[in-house]
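Below: the structure, in structure tokens.
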Amino acid sequence: MKLLIKLFFCIFLFTPVSVLAELPKQIELDYVVLSGYVIMPINDEYIVDLDASDNLHVGDILTLVKKGANIYHPVTKEILGSVDIPTGFLQVIRINSGYSYAKLLSANTEAKNGAEVRRFEQVPTLFIDKTAGDGAIARQIKMDLPQFKWLQESDSAVPLLTFTLNPDALVVKTSDGSLLHSYKVSDNQQLIAKTEPLRRSYVSQSTKPEPGLLKKAADSLLDVFNLKDDDPFSPENIGIIRPGSAEKRGIWMGPNISGNPVGVAVADLDGDGLQETAVALDHKLLIGQINQAKYSEKAEVLIPAGVQILSLDAVDLDRNGSPELYLTATVSHELVSFVVKYTGSAYDIVIDKVKWYLRAVELPGEGRVLIGQRKGSGKESFFGNPFYIHLKGNSLVRGEEIDLPGLINMYSFVPFTDDNNLLYYAYLTQGDYLRVVSAAGVELWASGEYFGGSETCFDNRKGNDGDSVLPTCMRSRLLKTSDNEILVAQNDGQRLMQRWRKYKKSRLVALTWNGFSMDESWRTASQQGYLGDFVLADADNDGKNDLVMVVKFKHEGYLNKARSAIVIYALD
């Protein structure tokens, strides 16, 4: 022990001061380990759920990691961590709001949806000292940045990053020779400042004359797909996939939205001739507009504290040409639904504390109507039959009941007809199976796989002693296209424990009734995230209806909020 103490003091006395100095904070931030996930592949590139808000830079190296064996404490047997194994490397090439694009650097490696990535974790890195100094900076860098796999110049491994120390600057370059960062070095061998980093490559706007607005959006976003074709909806772009065909369509992704998505609605809410896109998160309502390939937020409606939003729809009940927003909401086990309307200068809550569930549906021969239902006070969350809702002045008025087959839930059904004009209903069960029944309620078909899947859940009552309350999860929306196709979300993930539902992959599937069963017509490409809601609407104001979804790409954690985004697929 005495020998160790003597050695320590010798090192302390004879080591240059610069070794003991901390690295500048900016350098630590530039190389701190960030954790994220691969959302989805796009041709030869990959979307990851990290962006500039994480201090991510173009050129950063992301390590694909696989969970290894757990590390246990020898006495308490507590899991201290795991031995994670690097399986490959990605390099960030473009950064957008809420997500970024990366290319694969390692051969024979596949970056699957949901694969975990960590910035700079065990990245092979070489430090070259071209000064006549004492190596203090090199030692300091290697000591304070242990996440790198530091190589020796004699090693045969190829470095993905190279730190080169010159007399006046520390230069960091990627394997292709591009500058990542550079830092000034003072006369006394201290890192004192940082020069301009590698320019971040954001998506540029299309300059082609007068394309459709969704095409502009796709040109803008999908320029990062390296498409050489003038048409961004070329077969190389992954969007909608039709069985037996290589045909695919365009995709547009909006900026990052913080929160858990509950619903999306598209309508001309303020009467200016352009469509607004409203997104309901569990505790807030955002209203924006997509125009000229850009999303701009127009308003955030303040929601009373404690209120949880469960659903969102747009319906023009007062017939003035500007639809209102109808939101189902709850607080303290009671329904407190409300209506938001543009009042000339702002979006305001004009009707509140409505004790009904609210939902807009398309009914044969009637068009788009608003229906409601009472909340049950016992174990059943829905009570009685659904009924029409009418708007009279500043009040919602209950109308006549709607005759629906008994097992249908008001949030998740769609009527349709066959070639002989016979009426059927498709609906999702409580267990997330899709079924088709006749108008008389006779079951004709049931799916063998899960559809739907909702993370929007609430307790409809307070539990008593020894009485556990099973949460009510709102069932997913069903829609019908003009081609008589039934659109249904398909979320993959944990659905056995209703209170802790978590879906990590999703897609939207179009199905057609063949007289005996549902056949798949097409589906969107699987995306790494939870599909919260969708509508068919002209969200980008180019005169064509598209598939508009709100998707949660990153779930909420102890240290981060959920991240969501509007996603648009072109249908034509």
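Based on every Cα atom in region 363-486, Rg and the maximum pairwise Cα distance Dmax equal 16.3, 55 Å. Rounded to two decimals, the Cα radius of gyration of region 506-572 over 2.2 N^0.38 Å is 1.36. Say R0 is 45 Å: what FRET efficiency, to the nearest 0.05, do Asn320 and Leu422 get from their beta-carbon distance? The calculated FRET efficiency here is 0.75.
Subtracting the Cα-Cα distance of Asp352 and Asn385 from 0.36 nm times their residue separation leaves 9.7 nm of extension gain.
By the compact-protein rule of thumb, 2.2 N^0.38 Å, the alpha-carbon radius of gyration of region 422-572 corresponds to a ratio of 1.16. What is the distance in Å between the Cα centroid of region 503-572 and that of region 276-305? Taking the Cα centre of each part, region 503-572 and region 276-305 sit 18 Å apart.
Full extension of the chain between Thr164 and Val442 gives 92.6 nm of extra length, using 0.36 nm per residue less the Cα-Cα distance. Under a 5 Å amide H cut-off, with hydrogens placed 1.01 Å from N, Leu281 pairs with Val262, Leu286 among residues at least 5 apart or on other chains.
Taking 0.36 nm per residue of sequence separation and removing the Cα-Cα distance, the Lys67/Glu300 pair yields an extension gain of 79.8 nm. For region 340-443, a simple Cβ point-charge model (Lys and Arg +1, Asp and Glu -1, everything else neutral) yields a dipole of about 620 debye relative to the Cα centre. The spacing between region 428-465 and region 25-92, judged by their C-alpha centroids, is 37 Å. A Förster distance of 30 Å, applied to the separation of the beta-carbon atoms of Arg368 and Asn55, puts the FRET efficiency at 0.05.
Is any residue of region 283-310 close enough, with backbone N under 14 Å, to a label point placed 7 angstrom from the Cα of Ser332 along the Cα-Cβ axis, and if so, which? In region 283-310, the label zone of Ser332 (backbone N under 14 Å from the point 7 Å along Cα→Cβ) covers 305-308. Which shape class, rounded, prolate or oblate, goes with region 293-407 when its Cα gyration tensor gives a ≥ b ≥ c as root eigenvalues, a/c under 1.5 marks rounded, and past that a/b bigger than b/c marks prolate? Verdict is oblate for region 293-407. A Förster radius of 51 Å, combined with the Cβ-Cβ distance separating Lys502 from Ser154, puts the computed FRET efficiency at roughly 0.60.
Evaluate 2.2 N^0.38 Å with N set to the residue count of region 74-133, then give the Cα radius of gyration divided by it. Walk me through the numbers before you get to the answer.
Numbers: Rg = 17.2 Å, N = 60, 2.2 N^0.38 = 10.4 Å.
Against the empirical 2.2 N^0.38 Å value, I get 1.65 for region 74-133.
Solvent exposure of Trp513, expressed as accessible area, is near 30 Å², computed with a probe of 1.4 Å over the protein chains only. Sparsely packed loop sites in region 481-572 (the trypsin sites (Lys or Arg not before Pro) outside DSSP H, G, I, E and B with at most 15 other Cβ atoms within 10 Å) comprise Lys544, Lys561. Just the protein heavy atoms count here, and of the accessible area of region 495-560 at 1.4 Å, carbon and sulfur take up 52 percent. Amide H contacts under 5 Å for Thr87: Leu64, Val65, Lys66, restricted to partners 5 or more places along the chain or on a different chain, H placed in the peptide plane at 1.01 Å from N. The accessible area of Ser526, taken with all protein chains in place and a 1.4 Å probe, comes to roughly 40 Å². For the residues Tyr427, Tyr37, a 1.4 Å probe over the protein chains yields an accessible-area ranking, largest first, of Tyr37, Tyr427. Over all other residues within a Cβ to Cβ distance under 14 Å of Trp445, the charged ones net out to -4, with Lys and Arg as +1 and Asp and Glu as -1. Per-residue surface analysis assigns Phe458 an accessible area of about 10 Å², computed on protein heavy atoms at 1.4 Å probe radius.
Between the alpha-carbon centres of region 472-492 and region 93-122 there is a gap of 31 Å. A simple charge model with +1 on the Cβ of Lys and Arg, -1 on the Cβ of Asp and Glu and nothing else charged puts the dipole of region 102-145 at about 120 debye relative to its Cα centre. Amide hydrogen proximity for Phe120: with H placed 1.01 Å from N in the peptide plane, the residues at 5 or more positions away or on another chain lying under 5 Å are Ile61, Leu62, Thr63. Taking each of Lys502/Lys544; Lys130/Lys173; Lys392/Lys462; Lys112/Lys142; Lys379/Lys554; Lys67/Lys173 in turn, the alpha-carbon distance tops 25 angstrom for Lys502/Lys544; Lys392/Lys462; Lys112/Lys142; Lys379/Lys554; Lys67/Lys173. Of the trypsin sites (Lys or Arg not before Pro) found in region 104-145, the ones in coil according to DSSP and having at most 14 other Cβ atoms within 10 Å of their Cβ are Lys112, Lys130.
The values are calculated or read from the model by the stated rules, or taken from the named source; none is laboratory data. Quick caveat: nothing in here was measured; it's all calculated off a predicted structure. No Cβ is skipped: glycine too gets one built from the backbone with ideal geometry, and neighbour counts run over all protein chains shown. Note: accessible area is taken over every heavy atom of the protein model, side chains too, but ligands, DNA and RNA are not part of it. Shrake-Rupley method; radii C 1.70, N 1.55, O 1.52, S 1.80 Å.
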